[in-house]
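Some notes on the structure that comes next.
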Amino acid sequence: MIDELRSTRLANKVGGKFKLTALIQKRLQELLQGARPLIKDAEGKTQLEIVIQEILQDKITADTKADKPDKTTSE
């Protein structure tokens with residue numbers, strides 16, 4: 001699991017290391033607040049392992065468009 005975090009494949013999948021860090025932090029917080037894992041075989045895995053698998057299986061993504069307001073509709 002740590003090897004997956006070290007590889008650039010995971011960071012490139014979400015758009016870079018900073019986006020990856022933000023996505024992991026956000027999803028970990030959701031899991032801590034009681035959200036259900038989005039992967040089938042979550043039993044026996046740590047929450048970090050669950051988040052990494054969710055990213056690898058394209059269950060969660062870093063959606064940057066949703067974070068930014070649309071300037072064309074705000075005026």
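Just from the alpha-carbon atoms, what are the Rg and Dmax of segment 2-60 in angstroms?
10.9, 30
Using θ = phi - 60° and the Karplus form 6.51 cos²θ - 1.76 cosθ + 1.60, what ³J(HN,Hα) does each residue of segment 44-57 get, whole Hz, x for Gly and Pro?
Values per residue, Gly and Pro as x: x, 9, 6, 5, 5, 4, 4, 4, 4, 5, 4, 5, 4, 8 Hz.
Taking the Cβ of each residue in Glu4, Glu49 as the centre, tally the other Cβ atoms inside 10 Å and list the residues starting with the fewest.
Lowest to highest Cβ neighbour count: Glu4, Glu49.
Normalising by the residue count of segment 2-60, find the relative contact order in percent from Cα pairs under 8 Å and 6+ residues apart.
32
Every number in this text was worked out from the coordinates using simple rules, so none of it is lab data. Remember, it's a predicted structure, so these values are computed and weren't measured experimentally. Heads up, the Cβs are rebuilt from the backbone with ideal geometry, glycines too, and the neighbour counts pull from every protein chain shown.
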